[in-house]
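Student: Just passing along the structure, written as structure tokens.
No value in this document is a laboratory result; all are computed from the given coordinates. The model shown is predicted, which means the values in this text are computed figures rather than measured ones. We place every Cβ from the backbone using ideal geometry, glycine too, and count neighbours over all the protein chains shown.
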Amino acid sequence: MHFAALPKTLPLWAYLLLHVDQPIPRTSLAYTIWPDVDERTARSNLRRHLYELRRVLPTVSAEKPWLLATNTTVQWNPQADYWLDVNAFTQMAKTSHSAPLCWVEAVALYAGDLLPELYDDWLLFERERLHNLYCDGLAQLVTHLQASHRYAEAVAHAQQLLHHEPLREDMVRQLMTLYHASGDRASALQVYHNFEKMIRAELAVSPMPETSALYTTMAQQLVPSTNSTPANGTATAAPTLAGTPLYQVAAAPNHNLPVQLTSFVGREEEVSELCLLLTMAETPTRLLTLTATGGSGKTRLAIQVGMRVAPHFRDGLCWVDLSLIMDERLVQQTIMKAMGLSVSPQQGYLHSLREHLRAKEMLLLLDNCEHLIEECAQVAEKLLTHCPRLKILATSREALKVAGEQSWLVPPLSVPTGEAIPPAQELLNYQAVRLFVDRARSALATFQLTPQNAPTIIQICRQLDGMPLAIELAAARMKVLTAQQIAVRLDDRFQLLKTDTRTALPRNQTLRATLDWSYDLLTNEERALLQRVAVFVGGCTVEAVEDLATSEALFAKQMPLDLLTRLIEKSLVVVQQQHDGRRCTLLETIRAYALEKLCLSADEKMVRRRHRDWFLRRAEIIAEGMNGDRQMAWLDEMDLEYENFQSAIAWCQRTPGEAPIGLHFACLMKHAWDRRGDLREGNHVLAQLLAHPENQSATTTRAKALN
């Protein structure tokens, strides 16, 4: 149908057709089609475009109108007399599980990308879903036809799939297999040559080892097996080369990476950088360790990198999941098992591994090393020493500390900064927002990113520090809660952020369990220092941490600086470079967890008092320095530590016996309030402290505060 109507009429009609199962709230529909305007304008646009849609549609009886509209909702009438190719396609796809040949009719309906002339945000996900369903259907159909020895039909559908996804190398191998099975060896070899030429030109890479091996086998076999069947015939046995079923050779993977059931979102630059580190000939990186705190996405990133680089290693990649073993003595055995090796009675596990890997060009992915760190380090060092063409990619909450290791800190997902809210399309360039939207749509199919909910989603992503696990757990709550309700409940994030996924590892089922895993691996001294770092708001200097802990008996045997260094190495404390030194900070989620632990201990009051004392001394030094010639430097420090000053004064206000010191502290803050333009807040704090029962005596401090 040619639409002689307003430009947005077609996307509006498409949205209604694709969401026919239930009435759509007018407000939601308006925000979806016009995401970049205010609510009033969007609803006005919707009314005009609904009128336009009714005008251009054919006239029908009043009993079966095209649209079912009320004051609050709009719906395409599912009982109307119409046929939609998308509905027919998806319905046939559903029945294909029991009748694979239904895919023949289904794929015939697919004429290309859904509405390619439209660029609306909501359409991108639907377009990709249908494209993936189509390609998966073609792959299933090819496999079914191959198993039935209907090679000519299978070839046609394999070519059809490669037209849409030319880099799908598994289908390249399958097409080679089909040609060879039908007696057309020349075409099988030509498929390889064409593919090799294309990826060398476009990607500067070679085909996977198993693809090259299949080509070599075919090239050396001058005559196909006698079990081969002409393309227009049938057969009773699978095609073979030297007695081995040919399609089994083609399907052999060069890695054992687990299939991921959710999409990989963002981190394009990180994946590219890590791939270069592992594959560039001029880089000497043989041990690359991805470090970060729990829930940061180390494993998912490593698997994505592994998928990308596996073809570059002649002998492929071996993924070793160490998350389920708790005994260091099982590390070597677990690696052996992942490689499918059996140990020789005369040799130990390590010797067998060395002998097996000595001549291999392979990438070993050791996943979740932190609780087995000593043994993993020793195994890595010995294997790298004796196996010159081996490389290791590890994930851990701290580096292995092996000579030559490159430790790579996995950053949080990117979140918008500043007060301005970018347009919806630009917001999806931020990894944290994109992940939230993707997982929210999995939980609630009708979810849309709109100008109205965008500020709240940004707030959620910021509060969760761009931590992938936390964002996924929050987005899953969209089944029941609105984005605003989720944001409010993040004050108790450890109660809110849980998953009902039965197959998730126990430590990944809740945000608390993830942090418990890291916390339990710490020594008592490291736990205590982490609690003390958490009392600082907005970070602190190394000197402040040392002052807080130095005189405590708990830290008599180990210097606080050494413990702080270990917390940094274990990805729990983050160091930021400032113009005048380094500053220690915690991700807000880790800080909330450590503060909870501090509140449950007997040390909270002592730690809070020492925090107050440190910043009271700093405030006194700054106040005295304001009489000199370094006023700007002192004001900069007061500005940098402002949140800590606020926290210390607030503690004095609510703690019995501390209000007089709080009043003295507040008097020292006048310069800071003046510089920040927060005189109203300053006067409010002073008024509260002056009204406190403990500050009613006539003292010099009270007189100073009153002035």
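Student: Using unit Cβ charges (K, R positive; D, E negative) and no other charged atoms, how large, in debye to the nearest 20, is the dipole of the chain about its Cα centre?
Tutor: With only Lys, Arg, Asp and Glu charged at Cβ, the dipole is about 820 debye.
Student: Let me ask something else about it. How long are the three semi-axes of the equivalent ellipsoid for the chain, computed from the Cα gyration tensor as the root of 5 times each eigenvalue, in whole Å, largest first?
Tutor: 56, 40, 19
Student: Below 19 Å, Cα to Cα, which aspartates and glutamates can Lys479 reach? Residues fewer than 8 away in the same chain don't count.
Tutor: Within the straight-line cut-off, Lys479 pairs with Asp21, Asp438, Asp492, Asp500.
Student: Compute the Cα gyration tensor for region 268-409, then decide on rounded, prolate or oblate, letting a ≥ b ≥ c be the square roots of its eigenvalues: rounded whenever a/c is under 1.5, prolate when a/b is larger than b/c in the other cases, and oblate in all that remain.
Tutor: The shape class here is oblate.
Student: For Thr565 and Arg40 in the same chain, what is the full-extension length gain: residue separation times 0.36 nm, less their Cα-Cα distance, in nm?
Tutor: That works out to 183.5 nm of additional length.
Student: When only Cα pairs under 8 Å and 6 or more residues apart are kept, what is the percent relative contact order across region 522-601?
Tutor: 37 percent.
Student: Could you tell me which Cys residues in the chain have no other cysteine's Cβ under 4.7 Å from their own Cβ, answering none if every one has a partner?
Tutor: Cys102, Cys135, Cys275, Cys318, Cys387, Cys461, Cys540, Cys584, Cys599, Cys652, Cys667
Student: What does the extension gain come out to for Val104 and Glu117, with contour length at 0.36 nm per residue minus their alpha carbon separation?
Tutor: Result: 2.0 nm gained on full extension.
Student: With an 8 Å cut-off on Cα pairs and a minimum separation of 6 or more residues, tell me the relative contact order of the chain in percent.
Tutor: Taking the mean separation of contacting Cα pairs over the length of the chain, I get 8 percent.
Student: Could you grab the Rg to Rh ratio for region 602-707? Cα atoms only, Kirkwood for Rh.
Tutor: 0.96
Student: Here's another thing I want to ask about it. What is the fewest-to-most order of Ser518, Ser61 by other Cβ atoms lying within 10 Å of their Cβ?
Tutor: Going from sparsest to densest Cβ surroundings: Ser61, Ser518.
Student: Return one number: the angle in degrees, 0 to 90 and rounded to the nearest 10, between the long axis of the Cα atoms of helix 679-690 and the longest principal axis of the Cα atoms of the chain.
Tutor: 50
Student: Which order, highest average first, do 321-327, 606-612 follow once you tally other Cβ atoms within 10 Å for each residue and take the mean per peptide?
Tutor: With the highest mean Cβ count within 10 Å placed first, the list reads 606-612, 321-327.
Student: Which of the lysines could a cross-linker bridge to Lys8, judged by Cα under 26 Å and excluding same-chain residues fewer than eight apart?
Tutor: The reachable lysines, counting only those whose Cα sits under 26 Å from Lys8, are Lys64.
Student: For the pair Asn429/Lys337, report the inter-label distance in nm, with labels modelled 7 Å from Cα in the Cβ direction.
Tutor: 4.7
Student: On C-alpha positions alone, give me the angle between the axis of helix 631-640 and the longest principal axis of the chain, in degrees, nearest 10.
Tutor: The two axes meet at around 50 degrees.
Student: Any chance you could give the angle, 0 to 90 degrees and rounded to 10, that helix 642-654 forms with the longest Cα principal axis of the chain?
Tutor: 60
Student: When Asp438, Asp36 are ordered from fewest to most other Cβ atoms inside 10 Å of their Cβ, what list results?
Tutor: So the residues, fewest neighbours to most, are Asp36, Asp438.
Student: In nm, give the distance between the simple-model label positions of Glu374 and Ala443, each being 7 Å from the Cα along the Cα-to-Cβ direction.
Tutor: Simple spin-label model gives 4.2 nm for this pair.
Student: Only four residue types carry charge here, +1 at the Cβ of Lys and Arg and -1 at the Cβ of Asp and Glu. Report the dipole size of region 15-146 about the Cα centre in Debye, rounded to the nearest 20.
Tutor: Roughly 480 debye for region 15-146.
Student: Along the Cα-to-C-beta direction of Ile621, a point sits 7 Å from the Cα; which residues of region 673-706 have their amide N less than 20 Å from that point?
Tutor: The answer is 673.
Student: Here's a follow-up. With unit charges on the beta carbons (Lys and Arg positive, Asp and Glu negative) and the dipole taken about the Cα centre of the chain, which residue among Leu357, Val205, Ala594 sits farthest to the positive side?
Tutor: Of the candidates, Ala594 comes out farthest on the positive side.
Student: Take every DSSP beta bridge whose two residues both sit in the chain, then give the antiparallel share in percent to the nearest 5.
Tutor: Roughly 40 percent of the beta bridges in the chain run antiparallel, per DSSP.
Student: Same structure again: For region 602-707, what is the charge dipole size about the Cα centre, in debye to the nearest 20, if Lys and Arg each add +1 at the Cβ and Asp and Glu each add -1 at the Cβ?
Tutor: My answer is approximately 300 debye.
Student: Between Gln79 and Asp136, with labels modelled 7 Å along Cα→Cβ, what's the label distance in nm to one decimal, could you check?
Tutor: 3.4
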